[in-house]
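Notes for the one structure printed next.
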Amino acid sequence: MLPKIAIINYNMGNLASVKNSCQKLGFEAHITSDPEAIKSFDKIILPGVGAFPDAMKHLKENGMDEALKEAAKSKPFFGVCLGMQLMFDRGFEHEETQGLGLIKGEVVKFDQSILGGERKIPHMGWNKLFIQKNSVLFEGLNDEFYLYFVHSYHVEAKREDTLASTHYGYEFTAMVEKENLCGIQPHPEKSGDTGLKILKNFLEKK
């Protein structure tokens, strides 16, 4: 039996493209903004495009933040782009904002003093990922692969939670995994067959 997949709607996400990607892979995903409904789903996808403070504000408006914290205790949980950033303790976009606190770490802006004038913010386009530890998310992939990024802030995570890193002026965390929780900074739904394979691996993950 295929898992019941929830895509969280909090008015800040590429919902249709994530849902379409799931359907393309043969999985039915449901977009929901109902915190109570999350209890009936097997897997959670938290997408997101936009600013960290606005996202947390929207999640808190109807109690979705607490529902996600509860779901994350046991259900496979996949944060995408801003959705991954929200999984961490706090972000510093415009102002300091508490995140969901599912994984230890912070979300900070790219350090322009290190990037210099040659690299612009946001970090946009295809970039290589460097695998830091084994994961079922990488099954069927080559050792070298590229995914599509669009972001101005990045996660500072613990080394043991970092699944893959990317280099843009300096090294930063691009994917994380901790028990049933995983997150990806680039957009799998915009990253061709490689991105779809990572998403498929999550959807099939036991």
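Determine which residues of region 27-50 fall in the zone a paramagnetic label at Glu204 would reach in this model, i.e. backbone nitrogen under 16 Å from the point 7 Å along Cα→Cβ. The answer is 27-28.
Computed about its Cα centre, the charge dipole of region 43-161 is approximately 180 debye, with only Lys, Arg, Asp and Glu carrying charge at their Cβ. Protection proxy ranking of 27-39, 100-112, 176-188, by the mean of other Cβ atoms within 10 Å over each peptide's residues and highest first, is 176-188, 100-112, 27-39.
Relative to one another, the C-alpha centroids of region 115-149 and region 51-90 are positioned 23 Å apart.
Close Lys pairs in region 92-139, defined as Cα atoms under 23 Å apart and 8 or more places apart or on different chains, number 4.
Taking the Cα centre of the chain as reference, the dipole from Cβ charges on Lys and Arg (+1) and Asp and Glu (-1) amounts to some 400 debye.
Hey, can you rank 124-131, 64-71 by average C-beta count inside 10 Å, highest first? Working shown, then result.
Numbers: 124-131: 14.8, 64-71: 18.6.
Top of the packing list down: 64-71, 124-131.
For Val49, the amide hydrogen comes within under 5 Å of the amide hydrogens of Gly13, Asn14, counting only partners 5 or more places away or on other chains and with H modelled in the peptide plane.
Read the figures in this text as sums done on the coordinates, not as results from a lab. Every value quoted in this text rests on a predicted model; they were computed, and no experiment measured them. When we count neighbours, we look across all protein chains shown, and the Cβ atoms used for this are built from the backbone with ideal geometry, even at glycine.
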